[in-house]
Amino acid sequence: MGYSRDINFSSDRLSYLVVNDSYKEDIFNALTPTVAKFLPFIPTGKIEDTQGFIDYSLDVLDKGTDITLIAVDKDTKEFIGCCGIHDINPESISLGIWLKEAAFGKGYGQELIKALESYVNENLDVDYLIYNVEKDNHGSIKIAEKLGYIYHSDFVRNISEQKILNMLQYRKDNKKK
C-alpha cells in the first residue's frame, strides 16, 4: 500500500511536493555540513548519493512507510528544504525536517511541522506524532515545545565512528476526538 507520487499541498508561504529528480541539484547544494550537523547521515559531496536519497525516498513512498517531500517557496518555487512523514504505522508517525542555511531563522521550521501535522490529520489515522531532535539542536527543540510536543525519552543514534547523535524524542497526542 504505497502513497501517490502526486502528493501536493501548501502552507502560508510554502508548497510541498514529493521529492523528485528535478530538485536533485538543489538538495545536493543545500546539504552543507552545517545543515547536516544534526541529521542522521554524513554528506559525501557526491551527487550520486543525492540521487540515492531520491531513489530511496521514492521506494519507501511506494512501500507506504515514508513520505519525503520538497518544500519550495509558493511564489518563486525556490527550494527551501526537505521534510517527511516517516515510519508510518497505525500507532505513530515520525516527522522530520531540514532547511537550507539561507532559510534558517525565518520561521520555516515551525511552518513545515504544522503543514505536516495538517497533512497527517487529513490523510492518516495515527495515535501520536513523534518529533526526534538532536539534544544540541536548540532551534528544533524550540519548534517542538512551541507546537505542544512533550519530551518522552532520549536515545543514541550511532551514525558512524565520527558521528553519534544524542536524540531527544518528543511526542504529541493525535487522537481524533
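The values are calculated or read from the model by the stated rules, or taken from the named source; none is laboratory data. If you're wondering where the values come from, they're calculated on a predicted model, not measured in any experiment. Virtual Cβ from ideal backbone geometry, glycine too; neighbours counted across all protein chains shown.
Being farther than 23 Å from Val156 by Cα and β-branched (Val, Ile, Thr) is the filter; apply it to the range 33-58 and report the residue that is surrounded by the fewest Cβ atoms within 10 Å (Cβ to Cβ).
For the range 33-58, the residue satisfying everything is Ile47.
Looking at Ile141, Ile130, which is the one that is of a type in the set (A, V, I, L, M), surrounded by 12 or more Cβ atoms within 10 Å (Cβ to Cβ), modelled with pLDDT of 95 or more and not in a helix (DSSP H, G or I)?
Residue meeting the stated conditions: Ile130.
Please count how many residues of the range 148-173 are without any contact (Cβ under 8 Å) to a residue 40 or more places away in the chain and under 14 Å from Asn132 (Cβ atoms).
12
Quick check on the range 52-65. Is at least one of its residues of a type outside the set (A, V, I, L, M, F, W, C), outside any helix (DSSP H, G or I), on the phi < 0 side of the Ramachandran plot and modelled with pLDDT of 95 or more?
Yes - at least one qualifying residue is present in the range 52-65.
Condition check ((1) β-branched (Val, Ile, Thr); (2) farther than 28 Å from Asp136 by Cα) across all residues:
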{"position": "Ile27", "(1), (2)": "yes, no"}
{"position": "Leu58", "(1), (2)": "no, yes"}
{"position": "Val72", "(1), (2)": "yes, no"}
{"position": "Gly81", "(1), (2)": "no, no"}
{"position": "Ile88", "(1), (2)": "yes, no"}
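Filter the range 152-174 for residues that are among the hydroxyl-bearing types (Ser, Thr, Tyr) and out of contact with any His (no Cβ under 7 Å at 6 or more places or on another chain) and give the result.
Those that are among the hydroxyl-bearing types (Ser, Thr, Tyr) and out of contact with any His (no Cβ under 7 Å at 6 or more places or on another chain): Ser153, Ser160.
Would you pick out the residues in the range 56-90 that are free of Cβ contacts under 8 Å to residues at least 40 places away in the same chain, within 16 Å of the chain's Cα centre (by Cα) and closer than 17 Å to Phe28 by Cβ?
Once the filter is applied, which keeps residues that are free of Cβ contacts under 8 Å to residues at least 40 places away in the same chain, within 16 Å of the chain's Cα centre (by Cα) and closer than 17 Å to Phe28 by Cβ, the range 56-90 yields Tyr56, Ser57.
Filtering the range 22-51 down to residues that are in a loop (DSSP other than H, G, I, E, B) and charged (D, E, K, R), which residue is nearest to Cys82 (Cα to Cα)? Reasoning before the result, please.
Step one: of the range 22-51, the residues in a loop (DSSP other than H, G, I, E, B) are 31-32, 37-46.
Going one step further and asking which of them are charged (D, E, K, R), we end up with 37, 46.
Values: Lys37: 15, Lys46: 18 Å.
It comes out as Lys37.
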